[in-house]
């Protein structure tokens, strides 16, 4: 086994360990009664809509990968990219440093389906750019529509915020225009990137923006269950909070999102809504993603290796993978 493959397996094991620990640590901070009470305060219709928007967000994320494998020149069926995307991101969102943790898990899936290390690197880069495009679009809209909220959180005045909003909205526009007109690689210092064709670029902007819109809608439903809050204002707060969490690399944005949302809606109701939001958007997908990853390690293993491993006596060395 090569050192690189061994390192990737180690990253996956560490990611699973961290994710399991975070799941335990987050839930252990609250008693079962507190969790149930927080859920009970949310009417069933609002809770159902929150789950629906969370599912819609993860659905949008599957199209990140579906577009990315086409950019890498290795198109795959949607159900495969959906499996790889959900498993990688349900864990990566909680572990933190998602490019590394989810990237290693993506490699485990895509390597089985014919993608090389360079191809997976292109997939990860493409998905990262898609995240940035969606964040820039939503951030620009939020800063334009709710400058006073952003001003209080970021400590900058109106003209500066308007300039930031224009810059944010200019980024996806410039990206789409460059993808339409530029046929050669774009070089920045020592880095060279080949821009995707126009349809893929438009898909990136649409999927990235739709993802953040769905996440904000999920949070909005839970906050709106106990108080009157505007969706776009919640979206503005969420985008600012997610920017802070991305900069800090805090796993799942722990603490950062709470502080940001409590600025908008202080009080116990918001704390309960945030707890349910973490359950709906982070912990439930994590609880599904961990067993999915473990199952895929067995069921997606080549049939010959599964049979050989099953026949290998306990304690013997398997010729299939060279491990005890």
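Give me the residue from the stretch 181-218 that is without any contact (Cβ under 8 Å) to a residue 60 or more places away in the chain and in a helix (DSSP H, G or I) and, out of that set, surrounded by the most Cβ atoms within 10 Å (Cβ to Cβ).
201
Within the group 272, 241, which residue is more than 19 Å from the chain's Cα centre (by Cα), modelled with pLDDT of 55 or more and buried (at least 17 other Cβ atoms within 10 Å of the Cβ)?
After applying the criteria, what remains is 272.
The values are calculated or read from the model by the stated rules, or taken from the named source; none is laboratory data. As the structure is a prediction and not an experimental result, all values here were calculated from the model. Using ideal geometry, Cβ is built from the backbone for each residue, glycine included, and neighbour counts are taken over all protein chains shown.
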